1. Looking only at the range 259-271, decide whether some residue is over 12 Å from the mean Cα position of the chain (by Cα), open to solvent by 60 Å² or more (accessible area, probe 1.4 Å) and more than 28 Å from residue 122 (Cα to Cα).
2. Based on what the data block shows, is residue 234 under 14 Å from the mean Cα position of the chain (by Cα) and closer than 20 Å to residue 171 by Cβ?
3. Quick check on this structure: which one of 106, 145 is part of a helix (DSSP H, G or I) and on the phi > 0 side of the Ramachandran plot?
4. Scan the range 30-72 for residues that are among the charged types (D, E, K, R) and within 17 Å of residue 111 (Cβ to Cβ) and jot them down.
5. What tally of residues in the range 188-214 results from selecting those that are open to solvent by 10 Å² or more (accessible area, probe 1.4 Å) and outside any helix (DSSP H, G or I)?
6. Within the range 215-248, track down each residue that is among the charged types (D, E, K, R) and either open to solvent by 20 Å² or more (accessible area, probe 1.4 Å) or not assigned by the TED database to the domain that holds residue 144 (or both).
7. Working carefully through the options 117, 112, 133, find the one that is in contact with a Gly (Cβ under 7 Å, 6 or more places away or on another chain), closer than 21 Å to residue 220 by Cβ and open to solvent by less than 30 Å² (accessible area, probe 1.4 Å).
8. Could you check how many residues of the range 91-113 are within 17 Å of residue 123 (Cβ to Cβ), under 23 Å from the mean Cα position of the chain (by Cα) and not acidic (Asp, Glu)?
Amino acid sequence: MSEGARDPSREPDEETRGRVFLGRVIEPGDEAGGRWVRELGVTEVVRRVREGGGALPGVSEARWAGLVARAARAEPERDLARARAAGARFVAPGSAEWPRQLDDLADARPLGLWVRGRPSLRIWALRSVAVVGARACTEYGTHVAATLAAGLAERGWVVVSGGAYGIDAAAHRGALASGGATVAVLASGVDRPYPRGHTTLIERIAEQGLVIGELPPGDHPTPSRFILRNRVIAALTRGTVVVEAACRSGSLATARAAQRLGRHTMGVPGPVTSALCAGVHELLRGEATLVTDAAEVAELVGDMGDLAPPRTGPVLPRDLLTPAARGVLAALPGEGAAPAGEIAAAARTTPDEAIARLYELRALGYVERHGDGWKLTRQAVISARTGRPPC
């Protein structure tokens, strides 16, 4: 069994059962509920909602009544049994497998996470990057996300995303295709793959990586749960990369959560004419960092010295000439021949020096002699246009 993973045969303690119970009562990200747990403890909050007495601070009577009604239907033992049947486990804050960076969410921290897959969530989360973006993406976005994820996986990074259509799926598939590690954070129960069209993909992630979520087994996603799920993606990882996102894209919520948490926020630029890239470009106008490949992402979120290679243009044959030879070559007219003295004057050097450099250039195929003058060879003219050597 992977380091940090709970033994599924062990009976959960009272604290764990209480958190499973509250997972049926309190919605993900409910800061009032998180504050009750922090101030009163899990056992006391469970007792209060079960008894249904006076409302706890921070909620209206109507909302409290709704929580009490939920509590009456909660069956933690059934949820735990259903999770075991699906090969899932419950990871509670403070346990060996709990990723401590999730504590940065304060009262919005999950009550616990349901986890499918063998690896330790805590260990994998230590070196992870989120790759998110639009569901309705272009071929450009799919290619960039898959290539980026594959490159990160090859460098030993865990790729985290939301399992959705579009960029999320491309990121997961890119990591899987390279034999790397990936984590899908669902807005539904981990035994209920969503979207259903990704059932095969999510099952494969559970076999090769991890599928995690806050919601109890069997629970369904809602629009608000997708947004709240994004805070977990942001908190779990060292940084978030957004690939293609319109101005109202839900993936921008992940980026904003990452910024609030002090995580790195990155964006991949796209065509300025594309509405699908407008949200990313707006991020880049703010505090996000522009990245174009896995090396640049790793440089930003990785350890000291993990630098991306410098980007330079191609080395042209003329770049290999000495400065004096380049000066003489540049002094030759584009058409026709010129005497050595005229070339020397244009190159700001002496005639003897110019002649020495001209013979050097002739040996390299750049110039040829015509009587008392010198001219560029046809191959040298082509080389100036194409970058290919003259011979």
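The values are calculated or read from the model by the stated rules, or taken from the named source; none is laboratory data. If you're wondering where the values come from, they're calculated on a predicted model, not measured in any experiment. Backbone-built Cβ (ideal geometry, glycine too); neighbour counts: all protein chains shown. The area values use the complete protein model at the heavy-atom level, side chains included, leaving out ligands, DNA and RNA. Shrake-Rupley method; radii C 1.70, N 1.55, O 1.52, S 1.80 Å.
1. yes
2. Judged against the criteria, residue 234 is a match.
3. 106
4. Of everything in the range 30-72, those that are among the charged types (D, E, K, R) and within 17 Å of residue 111 (Cβ to Cβ) turn out to be 30, 31, 35, 38, 39, 44, 47, 48, 50, 70.
5. Adding up the residues that qualify gives 6.
6. Matches in the range 215-248: 219, 225, 231, 238, 248.
7. 112
8. 6
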